[in-house]
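The values are calculated or read from the model by the stated rules, or taken from the named source; none is laboratory data. Note that the coordinates shown come from a computational prediction; the quantities given were computed from them, not determined experimentally. As a convention, Cβ positions derive from the backbone with ideal geometry for all residues, glycine included, and neighbour counts pool all protein chains shown. The area values use the complete protein model at the heavy-atom level, side chains included, leaving out ligands, DNA and RNA. Shrake-Rupley method; radii C 1.70, N 1.55, O 1.52, S 1.80 Å.
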Amino acid sequence: MGSPRLRVDARRNLESVLRAAREVFGELGYDAPMEEVARRAGVGVGTVYRRFPSKEVLVQRIAAEEVAWLTARAREALYGPAGPWEALAGYLATAVGTGAGRLLPPEAFGYAEELARVPEQRLPPDAEPAAGEPLGAVGVPDADPRLLLQLLAALVARAAAAGELRPGVTVSEVVLVLTAAVPPSIGRSLAARQDAGPLPGGPVPEPAERLLRILLDGLRAV
């Protein structure tokens, strides 16, 4: 067993790698190189591979944690006190604002298409979905994206039943909104421009906020 100091350093390195991986994959997608993760974490690429023997293992870890977080927020939205539209819009605002939606695993899109295509698979608005596989590939509870998609489908069904969604909107469109967070690099670029002086026309809302407003307007019944 290593010394306490070595264990502290190892833990710090792991946290730096995970933080950098979320940032890199959120900006560049899961195709981003491990070298970029290492660079932003301030460690050598060998340190990253000692913790995660392949890029796939690191991707699974990040995706599982983000899916679990998004699932917890979706459950809170579904069973919270907000009305149908407010629950769905509030959930999307939270998810887009943190950028977590950009880290959904690719298979989530396939599950969303299945739910949109096969009506009998959808949950009634007040149902609690079965967890299916309660542990993800890396042992993270609620990391199965199918559970997340079932909860989102229930939020969509409830808003549709209340007449607050445009006709034809499905969980697939909601997932597209969920993944539409503005990459942090764009937000930083605009912030730098604003720091240099006011833009014509006065203050400009955050890019993610402007994009979310447009997308939510497209989902809501008029």
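If you plug each phi of region 77-85 into the Karplus form 6.51 cos²θ - 1.76 cosθ + 1.60 with θ = phi - 60°, what whole-Hz ³J(HN,Hα) values come out, in order, with x for Gly and Pro?
Per-residue couplings from phi come out as 5, 5, 9, x, x, 5, x, x, 5 Hz.
With a 1.4 Å probe and every protein chain left in place, work out the accessible area per residue of region 1-72 in Å², rounded to a whole number.
With the other protein chains kept in place, region 1-72 gives 54 Å² per residue.
Extending each Cα 7 Å along its Cβ direction at VAL8 and GLU27, get the distance between those two points in nm, one decimal.
3.0 nm
Applying 1/(1 + (r/R0)^6) with R0 = 30 Å to the Cβ-Cβ distance of TYR49 and GLU107, what FRET efficiency is obtained, to the nearest 0.05? All intermediate terms of the calculation are to be shown ahead of the outcome.
Values: r = 25 Å, r/R0 = 0.83.
After rounding to 0.05, the efficiency reads 0.75.
Return the long-range amide H neighbours of ARG220 (sequence gap of 5 or more, or a different chain), with a cut-off of under 5 Å between placed amide H atoms.
Those lying under 5 Å, H to H, from ARG220 are ARG166.
Quick one: net charge of TRP85's neighbours, Cβ under 10 Å, K/R +1, D/E -1?
Details: positive: ARG158, ARG220; negative: GLU86, GLU164.
Within the 10 Å Cβ shell, the charges total 0.
Report relative contact order for region 1-74 in percent, whole number only (criteria: Cα-Cα under 8 Å, sequence separation at least 6). Show your work: numbers first, answer last.
Working: 34 pairs, mean separation 19.3, N = 74.
Relative contact order for region 1-74 comes out at 26 percent.
Would you mind estimating how fast region 22-85 diffuses translationally, via Stokes-Einstein at 4 °C and 1.567 mPa s with the Kirkwood radius over Cα pairs, in µm²/s? Numbers along the way, then the final one.
Values: Rh = 13.6 Å.
Here the translational diffusion coefficient equals 95 µm²/s.
Give a residue-ordered list of calculated ³J(HN,Hα) values for region 216-222 (Karplus: 6.51 cos²θ - 1.76 cosθ + 1.60, θ = phi - 60°; whole Hz; x for Gly, Pro).
Result, ordered by residue: 5, 4, x, 7, 7, 5, 9 Hz.
Show me, for region 104-111, the HN-Hα J-couplings you get by feeding each phi into the Karplus relation (A = 6.51, B = -1.76, C = 1.60, θ = phi - 60°), rounded to Hz, glycine and proline as x.
So the Karplus estimates, Gly and Pro as x, are 4, x, x, 5, 4, 5, x, 5 Hz.
Largest first, what is the accessible-area ranking of ASP31, ASP144, ASP9, ASP217 with a 1.4 Å probe?
Working: ASP31 140, ASP144 10, ASP9 45, ASP217 105 Å².
Most to least solvent-accessible, the answer reads ASP31, ASP217, ASP9, ASP144.
Report the extension gain between ASP217 and GLU114 in nm, rounded to one decimal, defined as 0.36 nm multiplied by the number of residues separating them, less their alpha carbon distance. Could the numbers behind the result be given before it?
Details: separation 103, 0.36 × 103 = 37.08 nm, distance 2.48 nm.
Net length gain for the segment: 34.6 nm.
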